[in-house]
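As structure tokens, the structure follows; a few thoughts come after it.
The values are calculated or read from the model by the stated rules, or taken from the named source; none is laboratory data. Just so it is clear, the structure is predicted and the values come from calculations on it, not from any experiment. Reconstructed Cβ throughout: ideal geometry from the backbone, glycine too, with neighbour counts over all protein chains shown. We work out accessible area using only protein heavy atoms, side chains counted, and drop any ligands, DNA or RNA first. Shrake-Rupley method; radii C 1.70, N 1.55, O 1.52, S 1.80 Å.
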Amino acid sequence: AVLIIVMSVMNGFRTDLTNKIIGLNPHLVLQFNNIQELKSIKKKLSEKYLNIETTETLSGEGIILTKEKVKGVIIKGINKKDKSQSFLNKEIIKGNLKDFSEEKVMIGGELAYNLNLEIGDKINIVSSSFVNTPFGSIPKQENFIITGIFNSGFYEFDQNLIYLELKDAQSIFNKRENDVDLELFLEDPFLAEKYKKEIKSFNQNILISTWSDTNKSFFNALKVERNVMFTILTLIIIVA
């Protein structure tokens with residue numbers, strides 16, 4: 001009974017963490033060299049896989065400036081109209097996804113707490129891209145209003161991740177329409193590796209990463225811990 005309980009707790013712990021990571025991350029991320037490749041792959045995916053949801057996103061690094069503090073963050077541009085973004089509804093603790101639009105931003109609960117921010121506050125975001133001025137190159141920056149605060153259950157995400165509308169992200173990073181990534185959401189996330197191989201056969205030039213690739217170090221740590229637990233429990237069985 002003790003062995004069964006210990007194994008159940010460990011498996012439940014791993015499943016809970018995995019579900020949280022899958023809930024916040026796309027199951028597959030595709031990166032392209034040009035807009036033609038993006039359109040071609042989207043067409044093939046819609047024809048061959050009816051159960052895959054796709055969304056165009058753009059990510060980068062930036063800095064949040066408030067009246068009192070400065071914080072480096074990861075900026076992710078999304079299109080709230082995509083069904084795949086519905087997971088945000090489950091994570092939002094203040095505000096509403098319906099209010100999310102251009103010139104609005106959604107931030108994590110830990111970040112809001114550390115910077116003393118609330119719904120309706122205005123923040124200045126400085127991106128990692130530069131613009132040319134008569135005084136030289138300066139980082140591009142824009143003002144946004146906080147429209148939502150989310151809590152994913154992961155401190156790293158809630159402390160360092162913010163969401164902008166896709167057009168705002170393209171503007172602040174000075175990117176074009178063909179600079180976006182294509183994110184895929186599957187009915188069964190654990191089939192991501194299978195889909196990765198199949199999609200790779202369409203075009204070898206596409207860079208594809210799965211949710212397990214993105215969080216490789218985390219899952220390696222879980223795997224090591226699980227193997228150690230298995231060894232310890234095996235020894236306990238032998239002693240018993």
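If you go through the stretch 190-206 and keep only what is open to solvent by 40 Å² or more (accessible area, probe 1.4 Å) and assigned to a helix (DSSP H, G or I), you end up with PHE190, LEU191, GLU193, LYS194, LYS196, LYS197, GLU198, LYS200. Output yes when any residue across the stretch 174-183 is farther than 19 Å from ILE35 by Cα and either touching a Cys at 6+ places or on another chain (Cβ under 6 Å) or of a type outside the set (Phe, Trp, Tyr) (or both), and no when none is. Within the stretch 174-183 (the criterion being farther than 19 Å from ILE35 by Cα and either touching a Cys at 6+ places or on another chain (Cβ under 6 Å) or of a type outside the set (Phe, Trp, Tyr) (or both)), the answer is no, since none of the residues qualifies. Residues in the stretch 140-156 that are open to solvent by less than 50 Å² (accessible area, probe 1.4 Å) and outside any loop (DSSP other than H, G, I, E, B): LYS140, GLU142, PHE144, ILE146, THR147, GLY148, ILE149, PHE150. Residues in the stretch 212-223 that are free of Cβ contacts under 8 Å to residues at least 60 places away in the same chain and either of a type in the set (Ser, Thr, Tyr) or part of a loop (DSSP other than H, G, I, E, B) (or both) were compared, and the one that is surrounded by the most Cβ atoms within 10 Å (Cβ to Cβ) is SER212.
The C-beta contact set for the stretch 177-188 (first residue under 9 Å from HIS27 (Cα atoms), second residue part of a strand (DSSP E or B) and not polar (S, T, N, Q), distance under 6 angstrom, 6+ apart or interchain) comprises GLU183/VAL29; LEU184/LEU28; PHE185/GLU53.
When the residues of the stretch 26-50 are filtered to those that are touching a residue at least 12 places away in the same chain (Cβ under 8 Å) and open to solvent by 60 Å² or more (accessible area, probe 1.4 Å), the one that is nearest to LEU115 (Cα to Cα) is GLN31.
Any residue at all in the stretch 133-145 that's out of contact with any helix residue (DSSP H, G or I) (no Cβ under 6 Å at 6 or more places or on another chain), of a type outside the set (Phe, Trp, Tyr), closer than 26 Å to LEU184 by Cα and in contact (Cβ under 8 Å) with a residue 40 or more places away in the chain? Scanning the stretch 133-145, I find no residue that is out of contact with any helix residue (DSSP H, G or I) (no Cβ under 6 Å at 6 or more places or on another chain), of a type outside the set (Phe, Trp, Tyr), closer than 26 Å to LEU184 by Cα and in contact (Cβ under 8 Å) with a residue 40 or more places away in the chain, so the answer is no.
Pairing residues of the stretch 224-237 that are closer than 11 Å to LEU3 by Cα with residues that are open to solvent by 90 Å² or more (accessible area, probe 1.4 Å) and modelled with pLDDT of 80 or more, at Cβ distances under 7 Å and at least 6 apart in sequence or on separate chains, gives no pairs at all. If you go through the stretch 95-113 and keep only what is part of a loop (DSSP other than H, G, I, E, B) and of a type in the set (Ser, Thr, Tyr), you end up with just SER101. Looking at the stretch 175-189, can you tell me whether even one residue there is in a strand (DSSP E or B) and either among the small types (Gly, Ala, Ser) or modelled with pLDDT under 80 (or both)? No, the conditions are met nowhere in the stretch 175-189.
Of the residues that sit in the stretch 99-118 and are under 17 Å from the mean Cα position of the chain (by Cα) and within 8 Å of ILE146 (Cα to Cα), which one is surrounded by the most Cβ atoms within 10 Å (Cβ to Cβ)? The selected residue is ILE107.
Applying the criterion of at least 2 residues that are modelled with pLDDT under 75 and among the polar types (S, T, N, Q) to the helices (runs of 4 or more DSSP H) found wholly in the stretch 1-94 leaves 2-24. SER209: surrounded by fewer than 17 Cβ atoms within 10 Å (Cβ to Cβ) and in contact (Cβ under 8 Å) with a residue 24 or more places away in the chain, yes or no? So SER209 passes the test. Working only within the stretch 121-139, note down all residues that are more than 24 Å from the chain's Cα centre (by Cα) and not in a strand (DSSP E or B). Result: PRO134, PHE135.
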